Amino acid sequence: FVGEHRYELQCERRGVRPSRARIVRGIVLKTEELALDEWIDALSRDLAEEAGTSERSRLALERLLGA
């Protein structure tokens with residue numbers, strides 16, 4: 001899981017089947033199959049956003065604690 005998305009790669013005889021599901025409060029709202037390059041791009045964007053959020057949270061906590 002990355003944010004509200006679950007990324008999956010299913011192995012098949014002809015290769016892989018990439019998909020992304022949007023999940024809110026444990027309920028799958030939408031699942032979509034993506035081309036592998038789109039799947040990689042979407043996962044990269046979500047990971048970068050999550051890292052930025054985590055970094056901002058860490059910095060805010062440091063400021064709050066006076067570290």
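The values are calculated or read from the model by the stated rules, or taken from the named source; none is laboratory data. Everything quoted here is computed from the prediction, not taken from an experiment. So basically every Cβ, Gly included, is an ideal-geometry build from the backbone, and we count neighbours across all protein chains shown. Side chains are part of the model used for accessible areas, which takes the heavy atoms of the whole protein and leaves out ligands, DNA and RNA. Shrake-Rupley method; radii C 1.70, N 1.55, O 1.52, S 1.80 Å.
Some notes on this structure:
- Remark: the chain carries 80 Å² of accessible area per residue (probe radius 1.4 Å; ligands, DNA and RNA excluded).
- Filtered chymotrypsin sites (Phe, Trp or Tyr not before Pro), segment 1-63: DSSP coil and at most 13 other beta carbons within 10 Å: Phe1
- Ligands, DNA and RNA left out, the 1.4 Å accessible surface of the chain is 53% carbon and sulfur atoms.
- Distribution of pairwise C-alpha distances over the chain, 5 Å bins, in %: 3, 16, 19, 18, 14, 10, 8, 5, 4, 1, 1, 0
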